[in-house]
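Here is the structure we will look at.
The values are calculated or read from the model by the stated rules, or taken from the named source; none is laboratory data. In this text, all values refer to a predicted model and were calculated from it rather than measured experimentally. Backbone-built Cβ (ideal geometry, glycine too); neighbour counts: all protein chains shown. Accessible surface areas use protein heavy atoms only, side chains included; no ligands, DNA or RNA. Shrake-Rupley method; radii C 1.70, N 1.55, O 1.52, S 1.80 Å.
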Amino acid sequence: MAREAKRLTAPLDREEWRPMTKRRLVILGGGFAGLRALFRLSEIDDLEIVLVDPRSTSLMKPALPEVALFGKSVEHVRFAIEPVVRRAGARFVHARPIRVLAPERRIEFPDREDLRYDYLLITTGAMKDYDAIPGYREHGHSPCDDAEAPRLARALDQFDGGPITIGSARSEWGRRVEGPSLAAPCEGPVGEVMFMLDEELRHRHIRDRASIRVFSPGREFFEDVGPTVRAALAPEIERCGIRVTSQKSLRAIGHDHVDFEDGESWESALTIVIPPYTGNPLVVASEALGDEKGFVPTDRRMRHLDFPEIFAAGDGTALAMPKLGHIAVHQADIAAAALERDLTGRGEIPDYAPEIFCIMNRGRHDATLILSNHLFGGDIDRAFSSPITRMLKWGFDTLYFHSRGHLPPDFAQRTLVELLSRA
Ligand SMILES: Cc1cc2nc3c(=O)[nH]c(=O)nc-3n(C[C@H](O)[C@H](O)[C@H](O)COP(=O)(O)OP(=O)(O)OC[C@H]3O[C@@H](n4cnc5c(N)ncnc54)[C@H](O)[C@@H]3O)c2cc1C
């Protein structure tokens, strides 16, 4: 009955038609964190949920390296947000807000009336700042979004040999929230791209005409995991003939070279980078919403440090380190539970217990599952490579795509984590 009532109110677009008894939650962003929270909160009675996103599709970023390297269609890594939101009994607003006026609980748009909220959940992700790298637009490539990944695929089609450089630009973080600070937001995509590239070039019989060099701005490559995971990956990197250099900060990309801050230049016929992450422009433009770098400062229950009715989850939070889908979803679960508690007085709020949990493809038939909480002072640091792991990643991506944003059930993941912790 409550769900039916929600459906009836969903298409209404005018502020004054909102029933006074309903409280309104606005979710900004329909990515990993936003959809997870939407699904968790959509059963709450007397709550109107409005999800806002300037994109019409939700993008599965973890599958983008396959678009760039293995010819996967970009249409298989994104799906329309509106039907998903409607099925959850909520309303979708396809628009780009200008700023949040937090003291007034109001969101401003350039071309439609303001949206008021009782609660706000910010899941807008981080911005990939390609333009911060001189020469990127002319000479650089990246697998990081659905415009850049197909562009990289086209560059690879034309690649016929020469030195290839892959790495992350250095990102800067704010200081308001305590936690680990990494030089790169997440080096998993770099690892994935270098291994997949090695396989692809062998497949095309041109591996002997190309070199692959990787740079990392961190003290060590894969700074976010512990020594056991790094030791497990080292022989694979060596076997593929990939050279890795750490503590290299990218300065600029030229048409046949890459420049670093220490004055060194590498020859490079193809340069693939993860650009610096910065705070979302909306957060930057909204007074008092972000920290000094535009990331949303929250406590460990994902509540904004200054505005108790604002929550945040995912890459756009100051707490999310590294910027990883698994952490975004964990934070979304906590934010949803905290919101439910505020709204209904019911439910347990899970503890914030971040961990690195991801599957890194190493080709078409192999992948490494990584589970590590070393960065957060824990003692788990495991890597497990096998074709079965590759199938798990394929299964995860397929489920997420065909179920339109749903993840495997919690018990499946818990069992996997337990098995891996004991292995
Ligand atoms: C190439 C690549 C590979 C990756 N591989 C993995 C992996 O294998 N495993 C893993 O766990 N993680 C991986 N990640 C990281 C993972 O994709 C992110 O951590 C995750 O997407 C973060 O989710 P999010 O919801 O915070 O942000 P996003 O997924 O970025 O979603 C943010 C949403 O907010 C919307 N938005 C932006 N601005 C506004 C605004 N002003 N108002 C409203 N909405 C807005 C965006 O359009 C978007 O839909 C990878 C990332 C990349 C780039």
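Mind checking the per residue accessible area of segment 306-386 for me, 1.4 Å probe, whole number of Å²?
Each residue of segment 306-386 exposes 34 Å² on average to a 1.4 Å probe.
Filter the GluC sites (Glu not before Pro) in segment 40-85 down to the DSSP loop ones having no more than 16 other Cβ atoms within 10 Å, then list what survives. All intermediate terms of the calculation are to be shown ahead of the outcome.
Numbers: sites: 43, 48, 66, 75; in loops: 43.
Here the sparse-neighbourhood loop sites are 43.
Can you find, among 266, 235, 246, the residue sitting farthest towards the positive end of the charge dipole of segment 224-280, where Lys and Arg contribute +1 and Asp and Glu -1 at Cβ?
Value computed over the given set: 235.
Tell me, in nm to one decimal, what length is gained between residue 70 and residue 420 on full extension, where the rule is 0.36 nm per residue of separation less the Cα-Cα distance? List each step's numbers first, then the result.
Values: separation 350, 0.36 × 350 = 126.00 nm, distance 2.84 nm.
The residue 70-residue 420 span can extend by a further 123.2 nm.
Say we join alpha carbon atoms closer than 10 Å with springs in a Gaussian network model of the chain; which of 42, 216, 73 then has the biggest fluctuation?
Greatest mean-square fluctuation among the candidates belongs to 73.
If I take every Cα pair under 8 Å that is 6 or more residues apart in the chain, average their sequence separation and divide by the length, what percent do I get for the relative contact order? Each step should come with its number before you reach the end.
Values: 884 pairs, mean separation 73.2, N = 423.
In percent, rounded to a whole number, it is 17.
Roughly what angle does helix 188-203 make with the longest principal axis of the chain, taking Cα atoms, 0 to 90 degrees, to the nearest 10?
50
Excluding residues fewer than 8 places away in the same chain, name every one of the lysines whose C-alpha is closer than 19 Å to that of residue 72.
Cross-link targets: 61, 393.
Carbon and sulfur atoms: what percent of the 1.4 Å accessible area of segment 108-192 do they account for?
Working: 1510 of 3530 Å².
The value for segment 108-192 is 43 percent carbon and sulfur by accessible area.
With each pseudo-label sitting 7 Å past Cα toward Cβ, what's the residue 22-residue 391 distance in nm, one decimal?
Here the answer is 4.5 nm between the modelled labels.
Given a 10 angstrom Cα cut-off, can you work out which residue in 340, 267, 104 is the most mobile in a GNM of the chain?
Highest fluctuation of the listed residues: 104.
Ordered by packing density, taken as the mean number of other Cβ atoms within 10 Å over each peptide's residues, highest first, how do 304-317, 184-197, 26-39 rank? Please report the intermediate quantities before stating the final value.
On the way: 304-317: 23.2, 184-197: 24.9, 26-39: 27.0.
Going from most to least packed, we get 26-39, 184-197, 304-317.
Place +1 on the Cβ of every Lys and Arg and -1 on the Cβ of every Asp and Glu in the chain, take the dipole about the Cα centre, and give the residue among 353, 25, 210 whose Cα lies farthest towards its positive end.
Toward the positive end, the furthest listed residue is 25.
Given the pairs 248/293; 22/323; 22/128, which span a C-alpha to C-alpha distance of over 27 angstrom in this model?
Beyond 27 Å: 22/323; 22/128.
Would you mind computing the Rg to Rh ratio of the chain from its alpha-carbon coordinates, Kirkwood style for Rh?
My calculation puts Rg/Rh at 0.97.
Just how much of residue 45 is accessible, in Å², when a 1.4 Å probe is used and the result is rounded to the nearest 10?
90
Once the piece of chain linking residue 112 and residue 137 is laid out straight, how much longer is it, given 0.36 nm per residue of separation minus the C-alpha distance between them?
Residue separation times 0.36 nm, minus the Cα-Cα distance, leaves 5.8 nm.
State, to one decimal in nm, how far the label point of residue 45 lies from the label point of residue 129, with both points 7 Å from Cα in the Cβ direction.
About 4.8 nm, to one decimal.
Consider a paramagnetic label point 7 Å from the Cα of residue 403 along Cα→Cβ; state which residues of segment 35-68 have an amide N under 20 Å from it.
Residues 35-44, 58-64 qualify, since their backbone N sits under 20 Å from the label point.
Which order do peptides 251-264, 128-141, 353-366 fall in by mean Cβ count within 10 Å, highest first?
Packing proxy ranking, top to bottom: 353-366, 128-141, 251-264.
Pop out the carbon and sulfur fraction of the accessible area of segment 196-340 as a percent, whole number, probe 1.4 Å. Could you put the intermediate results ahead of the total?
Details: 2630 of 5630 Å².
The C+S portion of the solvent-accessible surface of segment 196-340 is 47 percent.
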